[in-house]
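The values are calculated or read from the model by the stated rules, or taken from the named source; none is laboratory data. From a predicted model like this one, the values you see are computed outputs, not experimental measurements. With ideal geometry, Cβ positions are generated from the backbone for all residues, glycine too; neighbour counts draw on all protein chains shown. The accessibility values were calculated without ligands, DNA or RNA, using every heavy atom of the protein model including side chains. Shrake-Rupley method; radii C 1.70, N 1.55, O 1.52, S 1.80 Å.
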Amino acid sequence: MASHSAHQCQRDTWAAYYASDNVATRFDGVVDALTTEAEIAASSAPADANLPQIDGPLLSQVTHAIQLALESVLGKDGSSGANGCKIPAALFTIPQDGVKEQSPLYYALSAALDFAITHKVDLSNTEWTNNAMARGLLEDVRLKLVDNRQLPLVKVYFGADIPNEKRANLSTTVQSLGGRVVDSEHDATHIVDNIEVRSGDGGDDWFRTLSKQDGRVLVHWWYTPDSYDAWMLAEPPYSAEPEEASEHNGPWYVSLQWVEDSRSFNEWMSEEDY
């Protein structure tokens, strides 16, 4: 774990990541299937609808653009007034062995392509991520994930040590983020207790490295959502080897700050931070 004070380079590092040939080729296994789906969508679309040339670079760019739109529309500083929380960033992970059919990312791309064809959205650039079309496209992506049972439902149980007034406010937050409050620990995916997990740290941000590829490391900053993770050059202060992922079974035990920070960022936070 190390400290860092700014995240200004995140957007640039992700743009470089998605533009790389190594990443684009990981979509090769789903190009044919997505092209077939797009052709079906085009057959029932308006006559002047355009069928994009679907290949790895385009799919990589669309994956990036969806996440830019999520931040623009539903992020901490989103200005659209849209309801609902951001789709978990983990669903957009690009496996090193390639994207597979029936994966969350596959369904997200399928929905985005269908929407783009029907509504004449040019996916070859990212201008649409900041306009009115973004909200409709993201809603279609969310519905596609829900219909195919790819969007996990967060079920929260509040411990007895949380005061009733606090519990009521937190319950409202959970529901506004699309989660559910449950009455039994056995039904919960998350058990929330009234514990302190952090205090003032002088303004520094702490991070951990998650993985390493092609001379870069994927960095996660503590107490920021996974969508803020960034690929950084594997050099000081980011030269540490990735931490071994811990195996997790059963519900997560987290501080109530996990709920409060999820509300602040409009995104379910990384449980390991709490």
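Some observations on this one:
- Relative packing of 124-137, 216-229, 233-246, which averages over residues the other C-beta atoms within 10 Å, highest first: 216-229, 124-137, 233-246
- Note that the chain presents 51 Å² accessible area per residue, ligands and nucleic acids not counted, probe 1.4 Å.
- Taking the centroid of alpha carbons for each part, the range 243-274 and the range 61-130 are 23 Å apart.
- In order along the range 217-229, phi translates into HN-Hα couplings of 10, 8, 10, 10, 8, 4, 6, 10, x, 4, 5, 8, 4 Hz, rounded to whole numbers, per the Karplus curve 6.51 cos²θ - 1.76 cosθ + 1.60 with θ = phi - 60° and x for Gly and Pro.
- Portion, in percent, of the accessible area of the range 114-237 that falls on carbon or sulfur, probe 1.4 Å: 47 percent
- In this simple spin-label approximation, HIS119 and SER176 carry label points 7 Å from Cα along the Cα→Cβ vector, and these lie 2.5 nm apart.
- Spin-label model, HIS186 to TRP252: label points 7 Å out along the Cα-to-beta-carbon direction sit 2.4 nm apart.
- Once the chain from ASP97 to ASN131 is taken as fully extended at 0.36 nm per residue, the excess over their C-alpha distance is 8.9 nm.
- Listed residues ASP122, ASP214, ASP32, most fluctuating in the chain (Gaussian network, C-alpha, under 10 Å): ASP214
- Taking every C-alpha pair closer than 8 Å and separated by at least 6 residues, the mean separation divided by the residue count of the range 39-98 gives a relative contact order of 18 percent.
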